[in-house]
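The values are calculated or read from the model by the stated rules, or taken from the named source; none is laboratory data. All of these numbers come straight from a predicted model, not from anything done at the bench. Methodologically, a virtual Cβ is constructed for each residue, glycine included, from the backbone with ideal geometry; neighbour enumeration extends over all protein chains shown. The area values use the complete protein model at the heavy-atom level, side chains included, leaving out ligands, DNA and RNA. Shrake-Rupley method; radii C 1.70, N 1.55, O 1.52, S 1.80 Å.
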Amino acid sequence: AFGIVKDYRVIEERNGDGGAVIVIVEATVRPSAVAEVWGEVQNVLDQIGRPKIMVWIDETIDNEQQRDSMVESRLAEMFLKAGFDLVERRGISDIARREADDARDERNAAKLARLAKDAGAHILIRGSANANRAGLENLYGVPAAFYNCDVQARIYHTDTGKLLASESLPVTRTGVRSRKEYSPQAARAAMAQATFPSEGNQARRREPPLADKLFESVMTKWSEEITAGGDIELEVENLDFKTFVDLKKALAEIDQQRIKSVDADFSKGAGKFRIRALMPASTLAERLIEKPFDAWIEIVDLKLNRIQAKKVGAK
């Protein structure tokens, strides 16, 4: 189901023909991936696994880079309270962080994903928040400094470097009491208003705040990756060409209803298989320890969308 399974119960379970198991389930499904209560989030995280998330937001005020990002810390806090496991980007070394200075767009997604993956994250939320002075105004006899702000973020799957979603909000304008045009307080208020649901007058919003968009995207994409599978990579080392061909044919014949396509490359004793499947990598890995695959390969590592293996008997 697309969305969140709030609760369910198994009504009947019995054996069917050909080794199949028939299960009848009654479930309550919310069509949106955004849960309304904390318990629903925990339920779906138990269903799909708890991804580790890294939040990495560059924040500037009047074109000056801020040492600490308010948007980043509050987004991280939101996901932490929702029950996700967080990976602090401060755990990335200074050298790696300097590498990321050039990795701020989709062209450098592989570098971004590698840095986050090495730190232990499954999902990377990478973006920017900018606020710039928009002048002083008189509000009911009180001077106020106004700022224009824009916030955007992309969500990457660290294991593949794949861009899962891109969210942004147009310029948001807000102000706070101040006798000076330069006011970091007003700048942060504008960014908070654009990013978080509890800030500002929600009735006047034309669209949801960025935090809600990101949360829904993470829940939706992660659910899709786990339940529907998608693209799975199988890498096999110490492989001869005959076994490579046999393996490719056998993969395509596993389940023609769930294995949609198998593409493969062979180079210098290694085979790389790209499998389009309606199953997660964990399910495929379970199949690969059965005949005839158990005579060909041994699985050495399993990630969300990648299986690494070696030829049986290889060191």
Next item on the list: Please find, among 131, 121, 153, 116, the residue that is closer than 20 Å to residue 68 by Cβ and assigned to a helix (DSSP H, G or I).
Entry: 116
Checklist line | Among the candidates 207, 181, residue that is more than 17 Å from residue 124 (Cβ to Cβ), at pLDDT below 85, in contact with a Leu (Cβ under 6 Å, 6 or more places away or on another chain) and surrounded by fewer than 17 Cβ atoms within 10 Å (Cβ to Cβ) | finding: 181
Check: Do we have residue 287 as closer than 21 Å to residue 160 by Cβ and at pLDDT 85 or above here?
Finding: yes
Next item on the list: From the list 113, 76, 96, 144, pick out the single residue that is modelled with pLDDT of 85 or more and of a type in the set (A, V, I, L, M).
Entry: 76
Next item on the list: Would you mention how many residues in the range 151-175 are buried (at least 18 other Cβ atoms within 10 Å of the Cβ) and either at pLDDT 80 or above or not polar (S, T, N, Q) (or both)?
Entry: 13
Margin query: Residue under question is residue 280, and the condition is that it be touching a helix residue (DSSP H, G or I) at 6+ places or on another chain (Cβ under 7 Å) and modelled with pLDDT under 90; does it hold?
Written below: yes
Note to self: Considering only residues that are at pLDDT 90 or above and either more than 26 Å from residue 152 (Cβ to Cβ) or more than 27 Å from the chain's Cα centre (by Cα) (or both), which ones fall in the range 17-61?
What the structure shows: 21, 22, 23, 24, 25, 26, 61
Next item on the list: Specify the residue that is least open to solvent (accessible area, probe 1.4 Å); the eligible residues are those in the range 303-315 that are more than 18 Å from residue 162 (Cβ to Cβ) and assigned to a strand (DSSP E or B).
Entry: 309
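Here's the yes/no breakdown for (1) out of contact with any strand residue (DSSP E or B) (no Cβ under 8 Å at 6 or more places or on another chain); (2) in contact (Cβ under 8 Å) with a residue 24 or more places away in the chain:
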position: 270; (1), (2): no, yes
position: 276; (1), (2): no, yes
position: 281; (1), (2): no, yes
position: 284; (1), (2): no, yes
position: 291; (1), (2): yes, no
position: 296; (1), (2): no, yes
position: 303; (1), (2): yes, yes
position: 312; (1), (2): no, no
Item checked: Tally of residues being buried (at least 17 other Cβ atoms within 10 Å of the Cβ), out of contact with any Leu (no Cβ under 7 Å at 6 or more places or on another chain) and not in a strand (DSSP E or B) across the range 253-289 -> 5
Next item on the list: Identify all residues within the range 126-137 that are under 15 Å from residue 183 (Cα atoms) and either surrounded by fewer than 24 Cβ atoms within 10 Å (Cβ to Cβ) or touching a His at 6+ places or on another chain (Cβ under 7 Å) (or both); write none if there are none.
Entry: 130, 132, 133, 134, 135, 136, 137
Checklist line | Complete set of residues in the range 294-315 that are more than 25 Å from residue 114 (Cβ to Cβ), of a type in the set (A, V, I, L, M, F, W, C) and at pLDDT below 85 | finding: 314
